[in-house]
Amino acid sequence: MLDRAQLHELYYWLQLNRRLEEKLVALYRTGKVVGGVYGSRGQEAISVGTAYALEPDDLLAPMIRNLGSLLVRGFRPEDAFTQYLARSTSPTAGRDCNMHLGDLGRGVIAPISMLGALIPVMTGVALAAKIQGRKVVALTYIGDGGASTGDFHEGLNFAAIQKVPLVLVIENNGWAYSTPTSRQTANTEFVTRAQAYGVIGFQVDGNDVLAVYETARQAIDHARQGSGPALIEAKTMRMKGHAEHDDAWYVPGSEREKWKSMDPIDRFEKYLFESRFMSSGERDTILGRVTSEIERAVEFAETSPFPDGGHALDGVYRESAPN
Ligand SMILES: Cc1ncc(C[n+]2csc(CCOP(=O)(O)OP(=O)(O)O)c2C)c(N)n1
Ligand SMILES: [Mg+2]
C-alpha cells in the first residue's frame, strides 16, 4: 500500500508526463520542434505505474510512448525539451530529435525504433544480470502491433526457457497506427500469450495507475525471485494520433468518447479527492511545481545553442585505433 506522499508522487509524475507532452505539442505547432512528436496521452499510467514499481538498480528500456518512465527514472524536462528542439545541451547533443536515449547510470537502455527489437536485447540484459548473480529485473514495453513481430517471439521464448528476470509490458491500445488490433492478430487477448510461452501473465486496466503499479510489483517480484519472465497486458487507448501529424481520423468517435471518460489522470485525481488522500490545495501545489519546472526547462532549451556542425560525427566512429 502506498502512503500519502507516494500517491502524491505518482500524481506529480502523471501530470508532469502529460503537461510536458502538451507543451511539446504547442512547440511543435509553432514550428520549433525538429521532427515529430510521439505522445502518450491516455497511456501515462502505464509508464508511470510500471517504472514506479522498479527498484533503483533495476533496468528499464522505454519505447516511444514511455516518456513517463524516463521521468520516473530521473530524466528531467530539460532533457525532453532540448532533445525535441535539437539543442547541443540535450543528452544526445542534438543528434536525435525525440526520446531515443538511454543512460546506463540511471539503468535505462536506449530504445530501438524497429518494433520488437528491444525484447531480445532486454532478454540479453536480464540474462547477463542473472549470470552476474545480480537480483535485478529488466523491464520493457511493446505495443499491440509490435507484439506481432518475430522478435517478440524469439525474445520472450528465449527469456522463458532461460528463466531470466524479464518483465514485458504489452501496451494494448487497440491500434497500431491506423490498423485496429482485430486486423493484425487473430487472438486479441494478449495475456493468453503468457501461457503459450510458459510464463506468468497478468491483465490490467492500463488507465488505473494504482492497479498498474500493484500488478507491476507482483510481476517484478516474480521475476526477481528467479521464477522467470512475466508478461503484463495493460489495456488502454492512445488518445491522440500516432504522432502529431496524424489526426487519428480512423478512430470511431464512440470509441474515443468511451475512453475519454476513463482518462487515467482524471480518475486518479477523483480517487485521491474522494478518499481524502489529496486536498485541492495540495493539488495546486503539485500543479504549480509541474508548471514552473516545465517553464524553466523550455526557457533552458530555447536559449541553448544548436549543435555545431563540426561536431556532427563526434562519438559516431571510434576516434583512435585500438592498441
Ligand atoms: C518492425 C517495424 N515495423 C514498422 C514500424 C513502423 N511503426 C512505428 S510505430 C508503428 C505502430 C506501432 O503500433 P503498436 O505496436 O501498437 O504501438 P503504439 O503506437 O500503438 O503504441 C509502426 C507500424 C517499425 N518502427 N518497426
Ligand atoms: Mg498500439
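Rule-based calculations on the coordinates, nothing more; no lab input. These figures come from a predicted structure and were not determined experimentally. FYI the Cβ positions are ideal-geometry reconstructions off the backbone, even for glycines, and counts take in every protein chain you see.
Computed on segment 31-99, with alpha-carbon pairs under 8 angstrom and 6+ residues apart, the relative contact order is 33 percent.
Altogether, the Stokes-Einstein calculation at 4 °C and 1.567 mPa s, with the Kirkwood radius of segment 24-81 over Cα pairs as Rh, returns a diffusion coefficient of 104 µm²/s. Residue-normalised convex hull volume from the C-alpha trace of segment 221-316: 267 Å³ per residue. Summarising the label geometry, the points placed 7 Å from Cα in the beta-carbon direction at THR179 and THR149 lie 1.3 nm from one another. Over the chain, what relative contact order in percent results from Cα pairs under 8 Å that are six or more residues apart? It rounds to 22 percent for the chain. Spatially, segment 250-323 and segment 57-71 are offset by 12 Å when compared through their Cα centroids. Mind checking the log10 I(q)/I(0) for segment 122-261 at q = 0.14, 0.15, 0.20 Å⁻¹? Debye, one equal scatterer per Cα, no solvent, two decimals. Each listed q maps to, in turn, -0.67, -0.75, -1.15. Dividing the summed helix terms, -39500 (n - 2.57) for each DSSP H run of n ≥ 4, by the number of residues in the chain produces a 222 nm estimate of -13500 deg cm²/dmol to the nearest 500. Within the shell defined by Cβ-Cβ distances under 13 Å, the residues around ARG193 carry a net charge of -3, with Lys and Arg each +1 and Asp and Glu each -1.
Full extension of the chain between LYS270 and ASP221 yields a length gain of 14.7 nm, computed as 0.36 nm times the residue separation minus the alpha carbon distance.
Evaluated at q = 0.10, 0.16 Å⁻¹, a Debye calculation over the C-alpha positions of the chain (equal weights, vacuum) places log10 I(q)/I(0) at -0.58, -1.43. Stretching the chain fully between ASP314 and SER280 yields a gain of 7.3 nm (0.36 nm per residue, less the alpha carbon separation). For GLY143, the residues 5 or more places off, or on other chains, whose built amide H falls under 5 Å of its own are GLU171. Taking the Cα centre of the chain as origin and assigning +1 to Lys and Arg Cβ atoms and -1 to Asp and Glu Cβ atoms, the resulting dipole is close to 320 debye. Measuring nothing but how far apart in sequence close Cα pairs (under 8 Å, 6+ apart) lie, relative to its length, segment 1-154 scores a relative contact order of 21 percent.
Applying 1/(1 + (r/R0)^6) with R0 = 25 Å to the Cβ-Cβ distance of GLU55 and SER113, what FRET efficiency is obtained, to the nearest 0.05? Given R0 = 25 Å and the Cβ-Cβ separation, E is 0.35. Peptide packing for 209-218, 42-51, 97-106 was compared via the average number of neighbouring C-beta atoms within 10 Å per residue; ordered from the highest value, the list is 42-51, 209-218, 97-106.
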